[in-house]
Every structure is written in structure tokens, then in C-alpha cells.
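The values are calculated or read from the model by the stated rules, or taken from the named source; none is laboratory data. Here the structure is a predicted model, which means the values were calculated and not measured. Here the Cβ positions follow ideal geometry from the backbone for every residue, glycine too, while neighbour counts run over all protein chains shown.
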């Protein structure tokens, strides 16, 4: 055991300041153990406090001792509380020993708003003599054990600036980036963070599901109900594959264009304003922040479309239709080989394959570890140049799909346009706007604006003609 | 060259302690150079020792000098030995200069157990005056060059606590998390680490291969040999695609359910015991630790199944069967369009596509860089909620596959049930157990237990009614 | 606001040295703000200098004050310049206040060679009294905000060693690995770094595109033009799918073998030389460095091949051909079920699926985050063992494709061999050479050489019989 001798070793832990004084952890559960392990590895000394120091689970190798709470509290100035809020009442007895100490509340709840006050405020009321700091509660025991802390952001809040400074020092040494959110009143916000479930995905998912539902209903009426009402045919089995295989590519294309629309809008706003130094409207900011999620959803829908497509020839109905075609119309159309149709379907599928391949490339470059290896210019090249190319190819794919259906009256059942016509509107608009932005004269102005040039001098400050920053 | 002036610069390297004294590296091969490079970047000064200081390869820019071993050893207190064990004999001459120094043995062997004693023990015997520390041997030259050290765990062992402390200080500054494994006797264990080949994958792979072999044999007998024996048909070509396309989905589904079975068992054990504070049996712990690997293997098998499926209509035998169907039974079954069959096959494939899509989502969230961006709750949502949904959909997919074959006598060749019936047992059991756990009354108790509540007070400590940790 | 009190807090920022003196940032744009935020999180104090301290955008919470440039410059010894080169002229007024200070130039240009001198040299001329250091320009505002700095390499250059030391100290604390590139004359090189677009991909991409173009032309002549000239058939629609579906797998297989060829050549060179201590020729080094890119391109082409393949049965021309077959040759070939053909096509496809699956495995293990979890031996196992297995299976797949076409005269249109025969040459050579290397006697020698053994003693140094490093 090297830990015993660690204290006697003159060099002490790495870095100044942490040398003498140990940190205390209350609670020997998963979180307490993982935190202690990590603190020990970073060079701190750790003391555990437990209600039953003899019978509780194992503490990490290197932790000095397991003590009852009061003794552990006396040994350290910084106490990490790794205990459920339900079990905070033991602190009433320990409170006198915590006077003047920094008490870090790491607890989380299972749901929002189940208690009238936040855990940290409750704790501060229980132990008024201690400086309570809420923080580190976004770290799970698993994350603490597996060494992925470097560069992660963590939030702290508390009323004592000195206490927060002491905690943030420990966090920094753990590799975390600390963001101060103010007084202990912000603790409810901090406690709600780990309870959030994909906050960035909510809006994109709602859009995707809304679009899917709308198009599904629309196509259900056009394809299935129309057939039943007008011809009396029951083709309800199409609900499982044929219909989704129309809905998914439509939604995918719309989502992909929604991914590139805000960038185009932002460029036009900058051109109109003649400066990049004014904030975009909030809805645009919000939209731009979730472009990645929108794009990934578009990729997901495209993947399902591809899977459905490949499954088509194995379906019973496809085989049945095929056989009927052969036997019934024994000497008719299929025998005249229509070169235009061959070119059409082959182009349709060729473009589809190419578009999907680029889609997948975009998706792979969105993986955090791949994106991290790209320089800014490379990332920009992929997400902007390649992205618009993907949008163009997928839009062309969709246009070719409909090229020979446009003028057929049977296309407009009940006078409604087919789904793919509706879905082509958004990408077409995006592409036209993008082409306008790429015109040399427009592009030149935009580039200058993005480098800090302003068309009109800022009003009220006529002397400041140039922007001094990026 | 800035290095010459570095020494004269008053500020010295970052942090205290490392300022004055250089570190010594013996060996100018890939590993020695990469280690030196990294140490220099971290702010250390580095001296190289070499047998032929003039003719050996280039050392990284910034390393102070290349010296013969004895001079280099004199210059530093910490010597990293980046030399193959086969070439250790030169150390006998250098030994007097290494007295009282810390000697870090980074060497690895090509295979286990080729020498009677571990490299570090051999080294300690060669240079008895030095404090040998085994460590850093899990780092490759490649990893040292490419900056992925942050948060990586590394093991050290050695008899001198002070030597280990000095080494662990350097490691910590390199960003590594050091785990002390005790005396130099543990060095064999440390030297075996880098020789391990996917230790976590052994058990899951064995299960997967065992299941595949068993089901392959079973289906070979039922499908190919039965046909040959009873009808005299030679359909051995099915071994290449048709048979694997039954075996792979079966094994995939069984593996997926094996991935969720231990969690369900653990929940029932906790419910039965009324506490979460007692360790699970070892086999369960072991099983739970390799759930990720089991799940990824299930995904791999599912992917092969999907690829085989899409290839089906292109096969010669499929085309042949299809054409025969058309020509032979010219006016029979296929012309009556069976809506139930259409619904059946379309549901089968629709569920399959959906299940595979969720499978892929699970796989993507298992990528280390994606998993690291998820909060604990999000990770849990994906792996638990989405995972069980995937299992449910895939099981339903399999049930639909067999729905109309259940009561056909031809299904039970030689009185054996078909493969998919056998494979449905495990996922069905898992799903039923999971449904029981989701019943409100059971679920409530389980949640309380997982928050630290215990049904019975710990015997022998009647005063300790509550658990104080997570 | 905790920042106000931060200064009064006795502990100061983490680590020694950074305590008292703040860092200054000129420019409050995206980059300036992100850099300041990161420096604050790392424990530094930050002062912003701006032309219009009152009207410029928000600075990160915690930055001390916003001042006009001259005051900010006076407050710090290290000034980060986050301003476009176009706006450097304001520095002429600030120059007197920058005397003796370190001025870090982070600027980049939009294109190469648009200015006669590099930004840093221009800056040094503008502010001759300051010690200009070029650096950190590879970091984007986005990278600074999102915490992926740990272990990243960054380059600096400048004429003053002390100034570079001060900057590199800040960089090291940010987690960056600093590489010194010499005097300010190297700044053009540094400024060109962020303008590079996938430098490692250029060669592999050129090879892939060159091969694709060559094979496409070759097959266009053989398949489309031959048919038109000799039989007068217009099958130009095949350009969209049928032709690419031959070109892509051919190029994929050639690229995959090009990925393993340099390793084999290197082994033979080492065997021939009898030592591993002599550098490989430059072309081989260069080739070996882009193996990963070559392999990923091969995977990309294989993916497109697979997508094209799955789309085949849905094509109009495939359906047409199929129906013609049924109706025209109503009682002919297809009804005799040819077992050899069934075995052949099924083996072809089975091997294809297996090969593609291994391809995907190789691709996944190339993801940075997955690769980082592998030990060196595991990585080696996947990329070498599994890689050669993939090459073997894909080559076999290609051989089976052509097995029954070899002796048919119709295969050799215009006396040219079909594409797949040409493409088989490279992988066959690689596999044969690899088999030679795996022969026990050859393999043993190679292993010894790779462990440092040399056949002949180094000439001129007869006393140095053994290599002392890996």
C-alpha cells in the first residue's frame, strides 16, 4: 500500500496548494467512491465520512480512512456531499462540525419540482454555518470512473465567492471547465440540468414528427382512402411499407433543406443590414443552433427510406404485381424496351445512391471525434459545400422521380398535388436563394461583411468607422 | 533552436518541481523518441542516453543532448528505459551510475510467459541499486505521439513508494490517471496487460460463436439434410446464404435479449433481497460488465442479416424459383391477391426496418465519443428505454415471421420446432419479466430500493436504519 | 458576479505564476470572446481592449473590464491580438504602450499569398518594440468554446525565445501541446496551416479518382461503345448504374490492396537490408502515412457498390429483362435448375456480404474515439490481421465473379480483358507476397529484425553489435 507512505513523502501531490489538507467525502456509494478515486488520482488526499464506517462498502485504494461523519468533517475544509437528499437529516448532528467549511452539494432528484426548495437551499437551511456550493451534479459516477472529464463544462453556484473559488480550483484540477451561475438561488436550475432529456433535440424532433404526421395523413387520404372511396379497392396493407416509404424521403428532404435555410436567411439579413454586428432575431439564433440535430434527423429518415426501398422487391405485393404483369399483359408494354424510362429510373436511383452516400459522409463528420480532427476550414467545407451539394442531388433525385408524372391527370387525385411536389418547395427555395448568394457581386459583399466591413458607420459614433474585431 | 535558451529563461517549465532536473531516456527508438517528445511538450527537460550517441536516429527537437548511457544516467534522477529486454545486458556496466535513481521499465514482451521472471524483476536483479518501477508500458509510441493521453489510466508497480510517487507525478503531468498495483511482484500482471486481445470480448464472442454453431447445425439438419434424406433433393447451395440468413437473425435476437436479461435478473434480486447494498453474484457482475459487447455483437449479426436479406432477390435461385412460379402455376395462387399475406409480409418487413434502425441508433450511441456527449439520464434513456423497445420490436418481427407457420404440420420436420421458435424463448421471457418490473407497485418498490431504502434493517446494527449513500 | 471578488480572494488562480498579472485580449469578436472565456476558465484574469469599449458586444462573464486599447495594453505583459489583419492600423497608435510586451498574432487570411508578407511579419513591422509571437491560429472560436483542446498540437514561432516561452506556458495550461517552429519567418507556414484542406487526403483522392476515370473509360468502351458499334444497340442508360457498379468495386478492391501493399514492400525492404534502422525511401514513407485514407476511400467505394447492388432488382431494365426472359424463353434454360450456378452466385454474394461486413468493422475501428479505446496490439490485430482477411475475402469474391467467364470468348470484346481481371492483379500480388512473409522461416527473421536484431554489424562501428532501442 503506497497510500500510507504518501503522506510521509516530502514532494507531496502535484501542484501547490493541495499538498497538506485532505478533502472529505460524505457517502461511500457509487458516486462517492468514484469521486474519491478521481480526486486521489489527481493528487488529493481523501477522507471518507460514513454513518457506519465499519460496515459500509469498500472505499477506493488510497483513501486515508473511513471515519464517522463528525471526525471526517473536522479533518477537511471542503466536504463533498454524495448522499441522497432523503438522507440529509443526519447533517443536523454534524452541523456544528461543518461551521465555516465549504459544503459541496452534488445531489440530484429523480424528477423536477418534487420538493418546494432546491436540494442546495434545503442543505443551506440545515447547515447554516457552512458555505454551500451546488455543483458537479452533472457528473455521473460512470463519467468519474472512466476519465472523460477533460474539457467538460460544469456549473457551480453558491453565495460565498470564496467557497466557489475553492471548489472551482478542485474542478479545474480535475480537468473541468467551471462556469459560475451566481448565488445559491440558481441551484434549482443546476439541479434541473441532469434531468433534461435531449433538450437540443426537442424542437427538431417535434418538427420531424409533425411533418411526418401531416404527410402521412395527406398520403393516406390520397393513396389509400381515395382508392377505397373511388374504386372500392382495399389497399390498406400499404400503410406498413408503401406509405412510409413516401413519407420518410419527403420529410428527410424537407428537414435537410430546413437545415440549410437558416444559413441562407442569415446571409440575406446580413446583406440587408450591411453589417454582421447586429444580433439575429431570437428565432433564427435558435434555429441555427439546432441545425445539426435537424440534419441528423434528416439522415435518419433517409436511412429508413433506403432500407424500405431495398426491401421492396421481396414484398409479397411487389412479387404479386410483377407476376400479374407478366401473365396478364402477356404481349404488351414491357416488351418494348423504353430507353427514356431506363434512363429515367437509372438516373433516379444513381442520384439517390450518390445523395445517400453524401448524407452518410455528412453524418460521419458530425460524430464528435471525427469533427474534432477537422480544422475549421475542413469542417466548413464538409458542412457547407458538401451539404449544399447533398441537398442539390437529393432535390434532383426528387425532381426526376416526378418528371413524367407532372402532366398526367391521374396524378392529381381529388385535385391534390402528390406529396413529393409539396416537399420540393422548400429545397427549391433554399437552392435558388443559395445560387443568388453565390453570384460574384453578392458573394463579394457578403465576404466583406463577414470580415467586419460595415456599409454604414455606426450611428451616434461617427468617429468609429471600423470594427476592430472578427 | 529555442531549447538552448529555454534553460536560461528564468520562468522555467510550467508548475513547480520539474524546473531544474532533467529526465533521462535510455533508447532512441520509436518509443523513446515519442516519450521524449511528449515530456518536452509537457515542460520537462530531457536527456537521451544511447550506446552510439553519434550514429543513432534523430531525437526530438528540444532534447538537450545525446550522451552515452553513463553520462545521461548521472544527469537525471529518473531514467525511462525504452529498450527491449533482450538488450538489457548493457545495464550491467551502467549499474553503478544508476545507484539510488528511479528506473522506469516500459518494456513489453511479444508473448506471455516466455521468460521465467518478469522484465521488471529481471531489471531489478540486474541493477539492484536502483528503484525499479514498472509502468507506462500500456502506452504505445503511437499514442504518445498523437496526444490521446488525457484521462487514460495507467498502472505502476514497484517496491519503493517514493520512486512510485516520483513516477506518478510525471504521469499525472502527462494527463494520465495512475493506479498503483503494489510491489514489483505485480509487474508480470502489468506486462501481460498490453498482450491482452479484447479481453472484454472473449465471453460475448464465445457465446455468439457457440450459438451460431449450434443453430447452424440444427438448421443444416432440418433444412438441408432433411430435404436430402426425405425427398432426395440436393439443396446444399443454401449453405451460403439461405441458412446463414436464418442463423444470423436468430443469434442476433438471442444476443440482444441476453443483453437485457442480466438487468432484469438484477432487479429481481434486489427486490427479493430488499436492498441494493449487497453484492450481486460474480457471474451476474461479469455478465453485466459485458452487456455492451453482447449488444454490439447482436448489432453486427443484425447487420449481416440485413445485408443477406437485401441480396436475396438478386440470387439465381430466387430468380429461378420466381420464374418457375410464373410459368408452372400459370393460373393459380398468385393471382388471387391475399390481403392477409400482404399485411403479414409488409408488417414483418416494416417492423424489421424499424427494429434495425433502432439497433443502429443503439450502436451509434455506444461510440465512445457519442456516449461522452450524453448525460447520464440520456444514456440511460437510450440504452434502457430504447433498448427494450428494440427488443420488443425485433421479437414482434420474429413472431410475425412465424405467425402462419405455427399450425402447419410441415413446419415440424422430424418433429423438431423451427429455429425461430427456439430463439423466441429468451426474448419472450425477458420481455415478460420486464413488464412485471414495470407494474406500478413493483416499480415503486424498486425505485425506492435503488435510492437507498432497505426493507429490513441491517442485522447487528439496529441503530443504523438508513443508508447514507447512493 | 463572483469576478469582482476573485481578485480579492487570497488563493488566486490555480497554479503558480499566473496569479497576479492579467492577460490582455484585443478584439471582442467571436475569437476574442471564446479565447477569453477559456483563459478565464483555466484560471487566468483577462482584460479586454477595444476601440469602442462601451458599444462593442458582450465580453465573457468574469473578464475584468473593457478598456480602450492603450489602457488594456498597459495592464498586461501578454497581449492576444484577435483582430483581422485589415484592421491592424489602429496598432500604430497603441505601439508605444506595447513596448517590451509579448504580442500574440492569432490572425488568419482567407487565401494563401494575398499579402506580400505574413501577418505576423507585418505586425512586427508595425509594432517593432513588441515581441511578436505567431501562434494559436489553428484554433477556431468554436474549438475554444467547446473544450476539445486537450492534447491538441499547436505551433508557435517568433524571434524571442522568452516571448515564446511565455506563450507556450499559457498554451500548456490550456492543455495544448506546443511545437516551436523557429523564428517569425516561419509565420507564413503557420498561417497557411488553417487554409489547408484535407492535406492527407489529396494523394489518396487523386489515386481513387484517377483509377475511377480510367476504369470508367475502359468499361465505357468495352460495354457501351462496343455494343453500339458491333451490334448497333443503344445501352447508354447503363452509364448511370450498371457501369458505376462495375467501376466502384474494382476501384475499391485496388485501393484496399494499395492500402496493404506498402506494408508488404516495407517488410521485404527490411528483410533485404537485414535491419530496421535505415529509413525507408520517401515515397514509401509517404505512402504508408496515407494508408488510413486509402482504406477509408476503399470503404466508401465499397459502400456505393453495395448500394448500387441492392438497387439492381428495382430498376426498370432489370425488371424488363426478367419479364422478357420469362415470356420469350418460355420453356428453356431457367427451368433446369443449375446447382453449380446456384452455388456460384450464392458463394459470390455470401463472400461479398462477409467482406463488406469486415470492411465496415475496419472503418469503425478507424474512428478516432474507437481507435483510442484499443490497445496497440488490438489495433494491430484489427488493421493487419482483419485487414488482410478482408482483402483475401474481397479478392475471392472477385475471383468467383469471374470464374465461369474466364474461358468464354465473348468475355474478351475487342481482345480486351474485362475490368475485374485487370483489378485482380494488384490484390493477388499483395496476397502472394503476404503469404511469403507468413512462411515460418521468413516470419521469424522479420520478427527478429523488428525487435532490433541486425544481420550485419553497422559498418564503421564494429564494436556496436547491438541496437539499444526498439
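A compact table of results
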read-out: Single match in B:352, B:295, B:363 (criterion: crowded, with 21+ Cβ neighbours inside 10 Å and under 27 Å from residue A:196 (Cβ atoms)); value: B:295
read-out: Sole residue being more than 9 Å from every other protein chain (Cβ to nearest Cβ) and either modelled with pLDDT of 95 or more or in a helix (DSSP H, G or I) (or both), chosen from A:436, A:364; value: A:436
read-out: Selection from region B:157-191 of residues that are assigned to a strand (DSSP E or B) and under 22 Å from the mean Cα position of the chain (by Cα); value: B:177, B:178, B:179
read-out: Selection count where residues are at pLDDT below 80, in contact with a strand residue (DSSP E or B) (Cβ under 9 Å, 6 or more places away or on another chain) and surrounded by 18 or more Cβ atoms within 10 Å (Cβ to Cβ), scope region C:143-167; value: 1
read-out: Any hit, region A:238-259, residues being over 25 Å from residue B:364 (Cβ atoms), assigned by TED's automatic domain parsing to the domain that holds residue A:437 and either surrounded by fewer than 17 Cβ atoms within 10 Å (Cβ to Cβ) or without any contact (Cβ under 8 Å) to a residue 12 or more places away in the chain (or both); value: yes
read-out: Positions within region A:218-235 being surrounded by 12 or more Cβ atoms within 10 Å (Cβ to Cβ) and in a helix (DSSP H, G or I), in sequence order; value: A:218, A:219, A:220, A:221, A:222, A:223, A:224, A:225, A:226, A:227, A:228
read-out: Qualifying positions in region A:383-419 - assigned to a helix (DSSP H, G or I) and surrounded by fewer than 18 Cβ atoms within 10 Å (Cβ to Cβ); value: A:384, A:385, A:386, A:389, A:399, A:402, A:409, A:410, A:411, A:413, A:414, A:415
read-out: Some residue of region B:183-195 being over 14 Å from residue B:118 (Cα atoms) and without any contact (Cβ under 8 Å) to a residue 60 or more places away in the chain; value: no
read-out: Residue ID - modelled with the highest pLDDT, chosen from residues in region A:310-321 that are within 7 Å of chain C (Cβ to nearest Cβ) and surrounded by 21 or more Cβ atoms within 10 Å (Cβ to Cβ); value: A:310
read-out: Residue pairs meeting the criteria (Cβ under 6 Å; at least 6 apart or on separate chains; first at the interface with chain A (Cβ under 8 Å from one of its Cβ atoms), in region B:372-387; second part of a loop (DSSP other than H, G, I, E, B) and buried (at least 17 other Cβ atoms within 10 Å of the Cβ)); value: B:372/A:148; B:376/A:140
read-out: Any hit, region B:44-54, residues being in contact with a helix residue (DSSP H, G or I) (Cβ under 6 Å, 6 or more places away or on another chain), at pLDDT 85 or above, over 20 Å from residue B:142 (Cβ atoms) and away from chain C (no Cβ under 12 Å); value: yes
read-out: Qualifying positions in region C:168-210 - touching a strand residue (DSSP E or B) at 6+ places or on another chain (Cβ under 8 Å) and either within 11 Å of chain B (Cβ to nearest Cβ) or on the phi > 0 side of the Ramachandran plot (or both); value: C:168, C:170, C:171, C:172, C:176, C:177, C:178, C:179, C:180, C:181, C:182, C:183
read-out: All positions within region A:16-42 that are part of a loop (DSSP other than H, G, I, E, B), facing chain B (nearest Cβ under 8 Å) and either crowded, with 22+ Cβ neighbours inside 10 Å or at pLDDT 50 or above (or both); value: A:27, A:28, A:29
read-out: Qualifying residue in region B:92-113 (condition: at positive phi and modelled with pLDDT under 85); value: yes
read-out: Scope region C:266-286; condition closer than 30 Å to residue C:216 by Cβ and in contact (Cβ under 8 Å) with a residue 40 or more places away in the chain; matching residues; value: C:286
